[in-house]
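Here is the structure we will look at.
Nothing in this text is a laboratory measurement; each read-out follows from the coordinates by a stated rule. Source: prediction; values computed, not measured. Note that each Cβ is placed from the backbone with ideal geometry, even for glycine, and that neighbours are counted across all protein chains shown.
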Amino acid sequence: MTPAPTVTGNGPGTTTWFTSPQAVAAAKRMAAARTVGDPVCSLSAVGQPNPSLVPQVGRIGIGHYDGYWCLIW
């Protein structure tokens, strides 16, 4: 019996992560204000974002600055 193929690359079930200029700008705003949260971000964090809070979607834009993270999906 032949095993089923696994998903690799940009196929179904794969999330593409990319640097988003909007997310970077939001991370910079949060760092300047020394507060977590920006209307642009689907998820904001200081320190590492909790991976269990990130949905399995096709694309996630990320921005990081001075310990602040912004993820947009």
Karplus-derived 3J(HN,Hα), 6.51/-1.76/1.60, for each residue of region 50-57, Hz, glycine and proline x
6, x, 6, 8, 8, x, 8, 10
Could you check the simple spin-label distance between residue 17 and residue 46, using points 7 Å along Cα→Cβ, in nm with one decimal?
2.2 nm
Which ³J(HN,Hα) values in Hz, rounded to whole numbers, follow from the phi angles of region 21-26 under the Karplus curve 6.51 cos²θ - 1.76 cosθ + 1.60, where θ = phi - 60° and Gly and Pro get x?
x, 5, 5, 5, 4, 5
Would you pull out the residues with amide H under 5 Å of residue 42's amide H, same chain only if 5 or more places away, H placed 1.01 Å from N?
71, 72, 73
For every other residue with a beta carbon closer than 15 angstrom to the beta carbon of residue 25, add +1 if it is Lys or Arg and -1 if Asp or Glu, then tell me the sum.
0
Which order do peptides 61-71, 34-44, 13-23 fall in by mean Cβ count within 10 Å, highest first?
61-71, 34-44, 13-23
